[in-house]
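Notes to accompany the following structure.
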Amino acid sequence: MAKSSQPLAPRTGPSLIRRFFFAVASNFDLFGDPIPANHGGRGRPEHMPTVENRNRVNMLLAMGWSNERIAAALRVTLPTLRKHYFSELKYRAVARDRLDAALLMKAFEAAEKGRLGPFLKLVERNDLMNFGQTSRPRVAETAAAEPKPEKAPKLGKKEEALLAAHQPNAGTPMGELMMRRQQGLNS
């Protein structure tokens, strides 16, 4: 067989595009979930767990979601969730630690590239978590040394208007007259 020196031209055209489109469209539904082989047959098709759904279950477990809420988010029943995602549900207790570890690794990789802010923030949060606190501790000495002054009782609109009426504005001629009158009554 003689080989041609010309490279083969890629096949394009409506037939190839149509075949590619229908091949892709026939494997996934509008939500991006895979369509099982028995689609269109009798009964409801079996749920097909995907890597994306497994990651979603792990993330939702780390955020503290209940099994019922996770099943609703995946649009499956609770028994289906237990059947297909039992290995993820088994590690509910350490899911948050795994998420934190993944976040720390991402922040560490960013710190190696020069972005220290996110890494330092996560390290500080981790240190606070080790001590059972949710925020930075306040210094106890400054809180004890400076007692808070008591606030004056808040007055309502009518009480403020009454006080303002008894204290005339000295910047106006009418206010000056009222002030002289009050001083004359008080003496």
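Values quoted throughout were computed directly from the atomic coordinates according to the rules given, and no laboratory measurement underlies them. Just so it is clear, the model here is predicted, and its values are computed rather than measured. Positions of Cβ are generated from backbone atoms using ideal geometry, with glycine treated the same way; all protein chains shown enter the neighbour counts.
Residues in segment 62-77 carry Karplus couplings, in order, of 5, 7, x, 6, 7, 4, 4, 5, 5, 4, 5, 5, 8, 6, 10, 7 Hz; the curve used is 6.51 cos²θ - 1.76 cosθ + 1.60 with θ = phi - 60°, and Gly or Pro positions show x. Ordered by the count of other Cβ atoms within 10 Å of each Cβ, fewest first, 63, 174 give 174, 63. Sequence-ordered 3J(HN,Hα) estimates for segment 47-54 from the Karplus curve with 6.51, -1.76 and 1.60 and θ = phi - 60° stand at 5, 10, x, 10, 4, 4, 5, 5 Hz, glycine and proline given as x.
Ordering 76, 94, 57 by the number of other Cβ atoms within 10 Å of each residue's own Cβ, fewest first, gives 94, 76, 57.
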